[in-house]
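Trainee: Take a look at this one; I'll ask things after.
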Amino acid sequence: MREITDAHVAERGLAVVEVAAADDETALAVQELLAAPCAIAPADRTTREPGVRLRCFLDLRQEPDS
């Protein structure tokens, strides 16, 4: 995965979340839970390093799908 930079969290309400899980289904389910209350830039794939990992970018300032 690429490095998280200051630009990813430059303003209040922005966050980066990294999920580690045993399988793709679990990691993607966690991402879906995070997407419910806020706007999200979802991961479209997982990596394995070790276990399954994904990183998503949250914007708590916006409603989902806005």
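Trainee: Tally up the carbon and sulfur contribution to the accessible surface of the chain as a whole percent, 1.4 Å probe, everything protein left in place.
Mentor: Here carbon and sulfur together make up 52 percent of the probe-accessible area.
Trainee: Something else about it: What are the ³J(HN,Hα) values, in whole Hz, obtained from phi via the Karplus relation 6.51 cos²θ - 1.76 cosθ + 1.60 with θ = phi - 60°, for each residue of the stretch 48-53 in sequence order, with x given for Gly and Pro?
Mentor: Result, ordered by residue: 10, 7, x, x, 9, 10 Hz.
Trainee: Given the DSSP H assignment, sum -39500 (n - 2.57) over each helix run of at least 4 residues in the chain and divide by its residue total; what's the result at 222 nm in deg cm²/dmol, nearest 500? Kindly include the intermediate steps, with their values, before the conclusion.
Mentor: On the way: 1 runs with 12 residues, N = 66.
Mean residue ellipticity, 222 nm, calculated: -5500 deg cm²/dmol.
Trainee: Say the dipole of the chain comes from +1 at the beta carbon of Lys and Arg and -1 at that of Asp and Glu; which of 21, 4, 40 then lies farthest toward its positive end?
Mentor: 4
Trainee: In Å², what does the accessible area per residue of the chain work out to with a 1.4 Å probe?
Mentor: Accessible area per residue: 71 Å².
Trainee: Magnitude of the Cβ-charge dipole of the chain, K/R +1 and D/E -1, about the Cα centre, nearest 20 debye?
Mentor: Roughly 160 debye, rounded to the nearest 20.
Trainee: Next question, about the same structure. Can you tell me the 0 to 90 degree angle between the C-alpha axis of helix 24-35 and the longest principal axis of the chain, rounded to 10?
Mentor: Approximately 10 degrees, to the nearest 10.
Trainee: Sort 4-13, 42-51, 26-35 by the packing proxy (mean of other Cβ within 10 Å over each peptide's residues), most packed first.
Mentor: Order by mean packing, descending: 26-35, 42-51, 4-13.
The values are calculated or read from the model by the stated rules, or taken from the named source; none is laboratory data. These figures come from a predicted structure and were not determined experimentally. Glycine also receives a Cβ, built like all others from the backbone with ideal geometry; neighbour counts cover every protein chain displayed. The accessibility values were calculated without ligands, DNA or RNA, using every heavy atom of the protein model including side chains. Shrake-Rupley method; radii C 1.70, N 1.55, O 1.52, S 1.80 Å.
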